[in-house]
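Chemist: Please read through the structure below; I'll follow up with questions.
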Amino acid sequence: MLEVERIDAGYKDLQALWGVSLRVEEGELVALVGPNGAGKTTTLKVISGLVKPTAGNVLLDGHSLLKEPPHRIVEMGISQVLEGGRVFTGLTVMENLELGAFGMKARKTKDRNLKRVFGLFPRLEERKRQRAGTLSGGERQMLAIGRALMSNPRILLLDEPSFGLAPLLVEQIFRMITEINKQGVTVLLVEQNVRAALELTQRAYVIENGRIVGEGSGEALLSFESVRRAYLA
Amino acid sequence: MLAPIAQNLAFGILVGGLYGIAAVGLSLVFGVTRFLNVSHGELLMLGGYAGFWLYTLYHVDPFVGLPIVVLLMVVLGVILYKLLFAGMVKYPEETKVKNTLLVGFGLGLVLQNVALRLWTADDRGITTTYSSRVISLAGVRFPLVRVASFLIALIVLFALHQFLQRTYTGKAIRATVQDWEAATLMAIDVQKVYLLTFVLGTALAGMAGALVSVGYSIQPNMGLEWTLITLIVMVLGGLGSIMGTFVAGVVLGVAQSLTSFWLGGAFREIVALTLFLLVLILRPQGLFGVKEG
């Protein structure tokens, strides 16, 4: 469904990705793990169109996304949650969610998606009139994920949803991600929390220094010698 | 003693409303695009001459002509944005501010000299049959056209506030102010938001200018002073609060009016800049701005 083919990308003089390839099939929950600065975030931004690659291609159902601006890519069904959630702190919870459904197609299914999001995160319904800036870290992450779901995505790109959260909350967020995946949304998850991510997913890629260095089922990677040494020791 | 103070207070409030509407334009553009358009005062001046021309050449009443001025300014805004500002969007924030400052200064100089050619350096103003009418309240005189201008400014800003709070497009603008990258991921076409905001800012400047030409007077070189005024009001009010900016405009108008009454006209700019510095030191988010977080 989603194919990333031999991507080179970077910022100004700094190349961050070297020939990165990966694929995500419909309905999968795939993780992309690796250390800080390995190129995980850049990979997601290339997919969502925020960073344009210097070489390679990104394909959704066989159609290249390279010429599409990011706001169009969202409408085509790829929704990204940025690192830290990046909710609009000055707007209310409800306004944040409404903006998630800004695209013309998404507006038509707004009410249904709102119900679904409130079903997943009842806390958001309780706080819908509050400014997002008054939410706790965990609630902000829930809002960010809920907001991304409002566009009715086929693929959800999650950048470090566990970042900065207490262990109990991390567990809860990961449970929600599994639940969202079960509801039929394909998920590509970027994580530094390697063990948790690998336990969660069917398949994962390991990225280091801008290059994919490993691929396999979560279980297989967990027993992979270099992964064990680097992340789990 | 009390009567002249009340009178100056009234004049200050009335002119402050125009400061407010002019500054909201600048503030909106800066908040959304991070373009610091220092030719904002010149755009205001053009709006003033547009109203003046409509009145002298075509005998269009200045208040009836207001929508026409706004329409002309919308066209000008689109042209200026496409020609000069659209290319700046791709730069990081700091470069954007610096580049737009340069472009703004250049544009300001050009517009000022074009205005000198077209309309000469004379002071101009619109004098209608009702221009000399005055409403008296408890001994304080309120010139009718200035009261009408103030009310129009207030109504327009209230409508703008409602637009930003209630409509989808308004919410998209507010989201872009906070985080353009996250806004893009909401399927918001940020480029369109930039264009719309810039045009809105130009129209507000033009409207303020047209109102200035009715109750006060206009000159080709008025732009710099108005740019300064709007910058000060923008900082005073704090980014992101329409009504806050309006109130800040009134505060500055009153402060200037009372200072020139007590200390003389030369102190008008001094009080404005002192207020500016005090706010920057004591309350950098502005009187009504919200701190990040």
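The values are calculated or read from the model by the stated rules, or taken from the named source; none is laboratory data. Please read these numbers as outputs of a predicted model, since none were measured by experiment. No Cβ is skipped: glycine too gets one built from the backbone with ideal geometry, and neighbour counts run over all protein chains shown.
Chemist: Would it be correct to say that residue B:150 is away from chain A (no Cβ under 14 Å), outside any helix (DSSP H, G or I) and closer than 28 Å to residue B:223 by Cα?
Modeler: Answer is no for this residue.
Chemist: Report yes if residue B:134 is in contact with a Phe, Trp or Tyr (Cβ under 8 Å, 6 or more places away or on another chain), away from chain A (no Cβ under 11 Å) and exposed (fewer than 15 other Cβ atoms within 10 Å of the Cβ), otherwise no.
Modeler: yes
Chemist: Test residue A:49 against the criterion of being within 11 Å of chain B (Cβ to nearest Cβ) and either free of Cβ contacts under 8 Å to residues at least 40 places away in the same chain or touching an Asp or Glu at 6+ places or on another chain (Cβ under 6 Å) (or both), and give yes or no.
Modeler: In short, yes.
Chemist: Does segment B:178-211 hold any residues that are β-branched (Val, Ile, Thr) and more than 8 Å from chain A (Cβ to nearest Cβ), and which are they?
Modeler: B:193, B:197, B:199, B:202
Chemist: Within segment B:159-177, restricting attention to residues that are part of a helix (DSSP H, G or I), surrounded by fewer than 21 Cβ atoms within 10 Å (Cβ to Cβ) and without any contact (Cβ under 8 Å) to a residue 60 or more places away in the chain, which residue is farthest from the other protein chains (Cβ to nearest Cβ)?
Modeler: B:159
Here is a yes/no grid of residues against (1) more than 20 Å from the chain's Cα centre (by Cα); (2) in contact (Cβ under 8 Å) with a residue 24 or more places away in the chain; (3) buried (at least 24 other Cβ atoms within 10 Å of the Cβ):
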{"residue": "B:180", "(1), (2), (3)": "yes, no, no"}
{"residue": "B:188", "(1), (2), (3)": "yes, no, yes"}
{"residue": "B:194", "(1), (2), (3)": "no, yes, no"}
{"residue": "B:210", "(1), (2), (3)": "no, yes, yes"}
{"residue": "B:227", "(1), (2), (3)": "no, yes, yes"}
{"residue": "B:238", "(1), (2), (3)": "no, yes, no"}
{"residue": "B:247", "(1), (2), (3)": "no, yes, no"}
{"residue": "B:272", "(1), (2), (3)": "no, yes, no"}
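Chemist: Residue B:261: part of a helix (DSSP H, G or I), at pLDDT 95 or above and not acidic (Asp, Glu), yes or no?
Modeler: Here the answer is no, as residue B:261 does not meet what is asked.
Chemist: Would you pick out the residues in segment B:116-140 that are in contact with a strand residue (DSSP E or B) (Cβ under 9 Å, 6 or more places away or on another chain) and under 22 Å from residue B:39 (Cβ atoms)?
Modeler: Selection gives B:119, B:123, B:124.
Chemist: Here's a follow-up. Any chance you could count how many residues in segment B:64-103 are surrounded by 15 or more Cβ atoms within 10 Å (Cβ to Cβ), closer than 16 Å to residue B:32 by Cβ and of a type in the set (Gly, Ala, Ser)?
Modeler: 1
Chemist: Okay, moving on. Do you know which of the residues in segment A:192-233 that are under 27 Å from residue A:142 (Cβ atoms) and at pLDDT 90 or above is surrounded by the fewest Cβ atoms within 10 Å (Cβ to Cβ)?
Modeler: Only one residue tops the list, namely A:203.
Chemist: With segment A:96-209 as the region, which strands (runs of 3 or more DSSP E) entirely inside it contain at least 1 residues that are within 14 Å of chain B (Cβ to nearest Cβ)?
Modeler: A:155-159
Chemist: Next question, about the same structure. Against the definition (outside any helix (DSSP H, G or I), buried (at least 21 other Cβ atoms within 10 Å of the Cβ) and among the aromatic types (Phe, Trp, Tyr)), how does residue B:35 come out, yes or no?
Modeler: Considered against the rule, which asks whether it is outside any helix (DSSP H, G or I), buried (at least 21 other Cβ atoms within 10 Å of the Cβ) and among the aromatic types (Phe, Trp, Tyr), residue B:35 comes out as yes.
Chemist: Another question, then. If the Cβ limit is 8 Å and pairs must be 6+ apart or interchain, which residue in segment B:280-293 that is surrounded by fewer than 16 Cβ atoms within 10 Å (Cβ to Cβ) pairs with which residue that is at pLDDT 85 or above?
Modeler: B:280/B:235; B:285/B:238; B:292/A:89; B:293/A:89; B:293/A:133
Chemist: Within segment A:63-83, count every residue that is touching a residue at least 24 places away in the same chain (Cβ under 8 Å) and out of contact with any helix residue (DSSP H, G or I) (no Cβ under 7 Å at 6 or more places or on another chain).
Modeler: The qualifying residues number 2.
Chemist: Say we look at segment A:34-45 and pick out the residues that are touching a Leu at 6+ places or on another chain (Cβ under 7 Å) and not in a loop (DSSP other than H, G, I, E, B); which of these is nearest to the other protein chains (Cβ to nearest Cβ)?
Modeler: Result: A:44.
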